[in-house]
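Please treat every number below as a calculation from the coordinates, not as lab data. In this text the structure is predicted, and so the values were computed from the model without any measurement. Counting neighbours? That spans all protein chains shown, and the Cβs are built from the backbone with ideal geometry, glycine included.
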Amino acid sequence: MQHRSRLLLLLPLLVAGLVLPATAQSELDRARELREQIEGQLSSTTGDLEGLEEEIVAVERSIEALDEQDTQLRAELDEVSHELTMRARAAYMSGGGGTFEAMISGEEPGDAIERASLLEALAMRDAGTLESAAALRTRLDQTRELREGRVAELAQLRATLETEVTLLNQRLEEAAGQVRTLELKARRQREVRAAFMNGIYSCPVGNPVFFVDTWGAGRSGGRSHQGVDMMAPHGTPIYAIHAGRVTRMKSGGLGGIVLYMYGDDGNEYYYAHLQGYAAGVGVGGRVEAGDLIGYNGSTGNASSSAPHLHFEVHPGGGRAVNPYPYTARACGR
């Protein structure tokens, strides 16, 4: 069987996980390829396991046949031994245990000699039968021992294959989950070509989401609105609008739980009022457009009855500009 060598070739991919390229399509293609590799390996190993089960059954049946032969042989040996015992006893009881005894008995000398010779011939024949049968029984025992050893070996191999199948099923589930995640991520992404946006972007808030252009609208304390409020239920996923790096994460003040990221397009993006961050997100971490970075909330000065993401765009990290055109294009409006 070649399943073990095939598995050894695949295990580095399984253990190391996905080392994904930059673009979403490449990520998705690579994940699908790995999923197909694991599916093929699982099919092959499962086939090996089924073939092994058949071999185990065949060897067990051959052992049962040997046991039946051994039982029959032992019965025949017992019968021959009983015959010999009965003949010896009869010869002893009749006083004809040998040629000399027969010659000195009252019978005719010729009859006595003939009877003694016949007894000895029968004894020699049966003794040969016993000897041959004993040798055959020894061979049966040796063959049974070898086959029982083969059953034990096959059982150990079956345990190994079952472990491999379990591992491959786990890896397949992980790979399939990765494919589903990347497929959803790919659906969130869209290519934007505009004077102020160029590349792959994703809507910052998952569905359902509602937002309008409120740039410059009045706010408490004489402030004007410097972002766009994207309304969505508590816990709605929050995504990276573009590829880049997380630069700051903090909590407190008007923004509550906030996150800053600097995009590859040169823009700084500001997320406020988050309920919390996604697992694995940290300062300095790399994100791609559509990656989960947090969850929508109402922390800071946002009303709990109107959870929303306050989203800002700062070209080059400078003053804020109206983010509505960015979110409208990123969200496919």
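Just a few scattered comments:
- Full extension of the chain between residue 184 and residue 89 gives 24.8 nm of extra length, using 0.36 nm per residue less the Cα-Cα distance.
- Each of 207, 274, 175 was scored by the projection of its Cα onto the charge dipole of the range 161-281, and the greatest displacement toward the positive side belongs to 274; charges sit on the C-beta of Lys, Arg, Asp and Glu.
- Anisotropy class assigned to the range 197-333 is rounded, per the alpha carbon gyration tensor with a/c under the 1.5 cut-off.
- The gain in end-to-end length when the residue 193 to residue 58 segment is fully stretched comes to 41.8 nm, 0.36 nm per residue minus the alpha carbon separation.
- Each label point was placed 7 Å from the Cα along the Cα-to-Cβ direction; for residue 174 and residue 254 their separation is 4.6 nm.
- Global form of the range 149-194, assessed from the alpha-carbon gyration tensor, a/c cut-off 1.5: prolate
- Pairwise centroid distance, computed over Cα atoms, of the range 165-203 with the range 215-250, Å: 24 Å
- Karplus (6.51, -1.76, 1.60) ³J(HN,Hα), θ = phi - 60°, over the range 40-46, in Hz, Gly and Pro reported as x: x, 5, 5, 4, 5, 5, 5
- Site pair residue 69 and residue 321 shows an inter-label distance of 9.0 nm when each label is modelled 7 Å from Cα along Cα→Cβ.
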